Amino acid sequence: MASLVSFPQELVDMIFNDLTPADIGKVRRLSKDYNARFGGLYWYLVFRNLRIDLRPSCVERLIQTGERCEVAPEIQHITVHPHPMQELSVSQITPLLAKAFSVLPNIRTIEFSITYGSAGFEYWKPVMDGIIKSKRNTVETVKGPARGIQMSKFKFSANQLKGYQTTFSNLRTLDITASVQFEYGPVAEGFWSFIEKIGSKIEDLTVRTTRTASTIPSPNSHGGYLPRTFSLPKLKKLKLVETAVTPKDMKKLVNRDIEAIDISPCRSRSLAWDWFEIAKDFRDSRLERLQKLRLFLSTYDGDDSYDLPKITIDGSWISEENICRVELRSGNTKRYVTHKSLWNELETHDEVSEFWTSLTNGKWTSNRATRWKRLQSAYDTYKYEKNRAYNDWGRQRGAREQYDATVDQINAEVDSDCEGVE
């Protein structure tokens, strides 16, 4: 009878496809031959993804694991998940992390899983410093923490930036969330300068922003939030969520080799004009390798006399045959949907209002499209007036009555144009 050891790799893959690491561990213990054939696969499955907290005892165990020559090369992905309210001794934990990373030769991914509080930087920086001190430059992916790092913390000296630049010279994927009240000019520039320093080889960039104020930030004197000169020469995939950008910023971020652009509601001083200018820049640059474009431009901030659509394109966007899907809010829960050639629309219209009117068949300023935005605007006004009338119950009651009247008026609107609504 043929032994599993003698099977070709294709059959082994099929057999092991549904086995757990524990099952494979049992297989490798059947004999020395089985262990020689399948031991490496076992260690790879068990140790390739490690989850650690930042207690010294945990990092010391990671060091001991890494010092086992059989295991160390298999550890490729580390998820940092501190205990809630864990207090760190940076002077103690950073050297331990440096030693741990120095005995792990194949670390590819560092992920931060912090789902509580706002102290992301306090956990993020010792880990990054530990990697720098270990002199390992194998990391290709850095993700998190999703709770965000205060944007003002990305203020590093020239020597610190050089350390990041050297150590993360092979970084290909960066997924980072910044928390901010609003993007004060020098703070935003410091954040994006950090990304540029470690981004010489970044191909996939995701930047999310969480904020505590609805204030629309003002760009710097040179018309953007990015530094005056900025470049990510290898960038192929860009995703921005709630990030403040201007047309000048997008021109710096997007290069001719870009393959995918995904924009969720971003902050801008003039949404309709800015995104028209950005789309025109895309057209002028042609972006012949762009195969996936998603622009979710609807936001409750700013002018409530119009709303912008969600634009989705799969495939070459410069092809006249590739029609994009245009979705616009209709009422509180529905969508108005049409299909257009974005390329042709940009070729045809040079004026911002004409462009959005044509792209949405005139619906972008309709009552149905702006209803949810006007309701949100009415609520924001009510909250503002209520806070101003602190301890003045009469004024607070008046603000509430005005809000209720506005909501009743908006909800009483008659919907005469429901064609194309889903």
I'm checking my understanding of the structure. Among residues of region 279-315 that are surrounded by fewer than 16 Cβ atoms within 10 Å (Cβ to Cβ), among the small types (Gly, Ala, Ser) and assigned to a loop (DSSP other than H, G, I, E, B), which one is farthest from the chain's Cα centre (by Cα)? Ser305
Please find, among Tyr336, Tyr384, Tyr390, the residue that is under 26 Å from Thr406 (Cα atoms) and in a loop (DSSP other than H, G, I, E, B). Tyr390
Subset of region 242-272 that is surrounded by fewer than 18 Cβ atoms within 10 Å (Cβ to Cβ) and modelled with pLDDT of 95 or more - its residue that is farthest from the chain's Cα centre (by Cα): Glu259
Condition met for Thr166 (exposed (fewer than 15 other Cβ atoms within 10 Å of the Cβ) and not in a loop (DSSP other than H, G, I, E, B)): yes
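A quick yes/no check of all residues on (1) crowded, with 20+ Cβ neighbours inside 10 Å; (2) among the β-branched types (Val, Ile, Thr):
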site: His77; (1), (2): no, no
site: Gln92; (1), (2): no, no
site: Lys99; (1), (2): no, no
site: Ile114; (1), (2): yes, yes
site: Gly130; (1), (2): yes, no
site: Lys143; (1), (2): no, no
site: Phe156; (1), (2): no, no
Residue pairs within 6 Å by beta carbon, gap of at least six or interchain, first lying in region 401-414 and within 14 Å of Glu385 (Cβ to Cβ), second assigned to a helix (DSSP H, G or I), listed first then second, are Tyr403/Ala378; Tyr403/Tyr382; Thr406/Ala378
All conditions in (1) at pLDDT 95 or above; (2) part of a loop (DSSP other than H, G, I, E, B) are true of Lys239 except (2)
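Every residue, every condition in (1) of a type outside the set (A, V, I, L, M); (2) closer than 11 Å to Asp249 by Cβ; (3) over 19 Å from the mean Cα position of the chain (by Cα); (4) not assigned by TED's automatic domain parsing to the domain that holds Thr166, yes or no:
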| position | (1), (2), (3), (4) |
| --- | --- |
| Trp192 | yes, yes, no, no |
| Gly199 | yes, no, no, no |
| Glu203 | yes, no, no, no |
| Arg211 | yes, no, no, no |
| Ser214 | yes, no, yes, no |
| Pro219 | yes, yes, yes, no |
| Gly224 | yes, yes, yes, no |
| Pro227 | yes, yes, yes, no |
Looking at (1) in contact with a Lys or Arg (Cβ under 9 Å, 6 or more places away or on another chain); (2) of a type in the set (Gly, Ala, Ser); (3) farther than 29 Å from Gly223 by Cβ, which is the only condition Ala178 fails? (3)
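The values are calculated or read from the model by the stated rules, or taken from the named source; none is laboratory data. All values reported here derive from a predicted model rather than from experimental measurement. Here the Cβ is made from the backbone with ideal geometry for all residues, glycine too, and neighbour counts use every protein chain on show.
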